[in-house]
Amino acid sequence: MAPTPSGDTRTRVHVISDVHGNARDLARAGDGADALICLGDLVLFLDYADHSRGIFPDLFGVENADRLVELRTARRFAEARELGARLWAGVDGDRAELIEGAVRRQYAEMFAAFPTPTYATYGNVDMPPLWSEYAAPGTTVLDGERVEIGGRVFGFVGGGLRTPMRTPYEIGDEEYAAKIEAVGEVDVLCTHIPPEVPELVYDTVARRFERGSRALLDAIRRTRPRYALFGHVHQPLVRRMRIGATECVNVGHFASTGKPWALEW
């Protein structure tokens, strides 16, 4: 916390989401802040803007990555899964071990870049069981939990809801709602996915509605936090809107912007 010219103490927090392999900018994300908050998706499985980046093209090449993106964008999920199954059938070695090894290499780089202190929760493409192996003492991992930063209470809920994409950390609606309930009333509600509001869940580049949470929307209306912060939707129709007393903010696709969103009080 830095003193102001008047002698008052102020707190500045930087918030990011959807890092997707951007370790270079992550190492600077906390500069000038008292703390960094990360709302998940550290792993880069496939970069939809640059199909040569990520675990998938490393294993199967750019042409197959192009095809997978084409199928997913067209919502032809069954064909996308068939493509993946054919490609994996031609790979020597255990699929789970290969993916975990690639994720571990990314996590080693990502967690090493986190400043102290960092407060983080999981994204839908993350693998929570691995986080405890890489989180240094200065990184606090929270999911369905609260923490006080600079006199304000922050609540964290990680992961995403189930979709045809079948990403690693998707959970059922009831389990997700239980985590929202466990957090309770907070000043700042931090989640990976947005509340279920059309303008906040529609991705203008992917041209589809991502899954938002109805339980999160209900909690915002009921508990009225000052802010609801989230990511997940990389190019939202609307990045910021008010729901009652709450300022809802998509804190950005950090992989492409490389810039944190700042909250100061």
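The values are calculated or read from the model by the stated rules, or taken from the named source; none is laboratory data. Quantities reported herein were computed from a predicted structural model and do not represent experimental measurements. Cβ placement follows ideal geometry from the backbone for every residue including glycine, while neighbour counts extend to all protein chains displayed. When the accessible area is computed, the model is the full protein with side chains, heavy atoms only, and any ligands, DNA or RNA have been set aside. Shrake-Rupley method; radii C 1.70, N 1.55, O 1.52, S 1.80 Å.
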Write out, first by first residue and then by second, each pair whose Cβ atoms fall under 7 Å of each other, whose residues are 6+ apart or on separate chains, and whose first residue, in the stretch 83-99, is without any contact (Cβ under 8 Å) to a residue 24 or more places away in the chain and farther than 13 Å from Ile55 by Cα while the second is of a type in the set (A, V, I, L, M, F, W, C) and surrounded by 12 or more Cβ atoms within 10 Å (Cβ to Cβ). Leu83/Leu68; Leu83/Leu71
Pairing a residue in the stretch 212-236 that is under 14 Å from Ala178 (Cα atoms) with any residue that is among the hydroxyl-bearing types (Ser, Thr, Tyr) and assigned to a strand (DSSP E or B), where Cβ atoms lie under 8 Å and the two sit 6 or more apart in sequence or on different chains, gives Ser213/Thr191; Leu216/Thr191
Do we have Ala262 as touching a residue at least 40 places away in the same chain (Cβ under 8 Å) and in a helix (DSSP H, G or I) here? no
Report, ordered by the first and then the second residue, all pairs with beta carbons closer than 6 Å, sequence separation of six or more or different chains, a first member in the stretch 189-208 that is more than 24 Å from Phe154 (Cβ to Cβ), and a second member that is open to solvent by 10 Å² or more (accessible area, probe 1.4 Å) and assigned to a strand (DSSP E or B). Tyr202/Phe209
Whether any residue in the stretch 97-105 is open to solvent by 40 Å² or more (accessible area, probe 1.4 Å), farther than 21 Å from His192 by Cβ and small (Gly, Ala, Ser) is what I want to check. no
Hey, Pro129 under 30 Å from Gly184 (Cα atoms) and surrounded by fewer than 17 Cβ atoms within 10 Å (Cβ to Cβ) or not: yes
Residues of the stretch 212-242 that turn out to be open to solvent by less than 80 Å² (accessible area, probe 1.4 Å) and either farther than 13 Å from Leu189 by Cα or polar (S, T, N, Q) (or both), as a count: 10
Name the residues in the stretch 153-170 that are surrounded by 14 or more Cβ atoms within 10 Å (Cβ to Cβ), touching a strand residue (DSSP E or B) at 6+ places or on another chain (Cβ under 7 Å) and either among the hydrophobic types (A, V, I, L, M, F, W, C) or assigned to a loop (DSSP other than H, G, I, E, B) (or both), would you? Val153, Phe154, Phe156, Val157, Gly159, Leu161, Arg162, Thr167, Tyr169
Given the options Tyr176, Tyr122, Tyr107, name the one that is outside any helix (DSSP H, G or I) and modelled with pLDDT of 90 or more. Tyr122
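So if I check each of Thr139, Thr121, which one is of a type in the set (Val, Ile, Thr), open to solvent by less than 70 Å² (accessible area, probe 1.4 Å), touching a His at 6+ places or on another chain (Cβ under 9 Å) and on the phi < 0 side of the Ramachandran plot?
Step by step, each of Thr139, Thr121 is checked, and only Thr121 is of a type in the set (Val, Ile, Thr), open to solvent by less than 70 Å² (accessible area, probe 1.4 Å), touching a His at 6+ places or on another chain (Cβ under 9 Å) and on the phi < 0 side of the Ramachandran plot.
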